[in-house]
Amino acid sequence: MREYLLTLCITAAVTYLLTGPVRKFAIVAGAMPEIRARDVHREPTPRLGGIAMFFGMCAGLLAADHLTNLNEVFEKSNEPRALLSGAALIWLIGVLDDKFEIDALIKLGGQMIAAGVMVMQGLTILWLPVPGVGTVALTQWQGTLLTVALVVITINAVNFVDGLDGLAAGMVCIAAAAFFMYTYRIWYSYGIEAAAPATLFAAVLMGMCLGFLPHNMHPARIFMGDSGSMLIGLVLAAGAISVTGQVDPDVMKLFAGSERNTVHQMVPVYIPLLMPLTIIAIPAADFVFAVVRRTWRGQSPFAADRGHLHHRLLQIGHSHSRAVLIMYFWAALIGFGALAYSVNSASMWIVLGIVFLSFIGLVLLLLPRFTPRAPRWAQHLVPPRYRRRRAATAPAASTPAPSTPAASAPSAREAHDTCGVAAGVAGVNGATAVGPRSR
């Protein structure tokens, strides 16, 4: 555990220290797109934050290679090298897209090639534990297609949710924390060395997100861009593929006792099928809803719009920070809820706790619909949004009306400040990983 924590800290420190120079480089390189109507930020913000995240990942893997226990992961498995190869390719495509906005089909092809590179080096799904059937071995083509599909879906799901300051990095960090606890339990409790690479990937991913978040929280000073969102999506998918398709369920020796006990004991085996889905549950739901919504309107599935889940939160009345925190809450509830259920699936308290927290989440979600107003004696103790509004005073009758059209029409700057900026995806971190940006 100490070596995993050391790897996490090194990754986070390198990412944090490099993000400042990368921001200056992005400004000099001109990676600062103009403000569009659907953007939520008010000032041009540099992107290319994925550069710092990539070098932080490289530093974490390099440090792990020189540690006593984690060095065995590199000696017994080729998965870290496969991850580094695929990550380098997808990162390079993201950097080019952040600067030059490459075509959507080129990005989609690059994602598939990066997944294929990892498959060629051994990071692929070899078998699947199917409930009621057992372990099903996959052919080479089946494993390749399933691996590529999981990588592409995860990359685009993470990129779809990257629309508010700190949203994607925080949600992926929460998911990586839950995934780390799950894989570490398999590696430590059951003594399965095949789960060590996935545990290392989760620790490195947490370090990348934690190191970048201080620069990306609202108001963000830099965005990760497609170079960062596609990168963390690929690392998340690589960990899920490693623990799902490489860990043999028969090694866990859970087929013992009665049939009912066997079903409960087999939950940790089936969780690898569900854990990757729970980790990206919110981004995947956003991805599916967006595709259905756009195709129903006759648009391209990858055309950017303002109908994502975080846009809906802003439209309901949540502030930028509160919308991000609500998304954090649901990501933690789904991820850690699945983790708790995998530890003790027979406990009714876990189910009741998840239901109770879900109710609290719904109340927080609908809170702007029922905004309370504080009494007059407590006006100075509450935030401004809970204070009673004073009635606007009517203008005096003796005040002469403006005689010139120029005086009666507000200036362009006043009109901009009055109408504000429409809620939408922050343009620099992209609405989709494969969709083109409006020029």
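The values are calculated or read from the model by the stated rules, or taken from the named source; none is laboratory data. Remember, it's a predicted structure, so these values are computed and weren't measured experimentally. Virtual Cβ from ideal backbone geometry, glycine too; neighbours counted across all protein chains shown. Protein only, heavy atoms only, side chains kept; ligands, DNA and RNA dropped before computing areas. Shrake-Rupley method; radii C 1.70, N 1.55, O 1.52, S 1.80 Å.
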- Based on a Kirkwood Rh over C-alpha pairs, give the Stokes-Einstein translational diffusion coefficient of region 65-136 at 20 °C and viscosity 1.002 mPa s in µm²/s. 148
- Quick one: dipole size for region 92-181, taken about the Cα centre, charges +1 on Lys/Arg Cβ and -1 on Asp/Glu Cβ, in debye to the nearest 20. 340
- In what sequence, highest mean first, do 47-60, 200-213, 1-14 appear when ranked by Cβ atoms within 10 angstrom? 200-213, 47-60, 1-14
- Item | Area accessible to solvent at E193, 1.4 Å probe radius, in Å² | 100
- Order by protection proxy (mean Cβ within 10 Å, highest first), peptides 118-126, 154-162: 154-162, 118-126
- Item | Per-residue SASA entry for K99, accessible area with 1.4 Å probe, Å² rounded to 10 | 80
- Message: Can you report the principal axis dimensions of region 175-230 using only the alpha carbons, biggest first, rounded to whole angstrom?
- Response: 44, 18, 13
- Item | Isotropically averaged projected area of region 92-211, using the convex hull of Cα atoms (one quarter of hull area), nm² | 9.3
- Can you work out the accessible area per residue across region 82-193, with the rest of the protein chains kept in place, probe 1.4 Å, in square angstrom? 39
- Over the heavy atoms of W187, what accessible area does a 1.4 Å probe trace out, to the nearest 10 Å²? 60
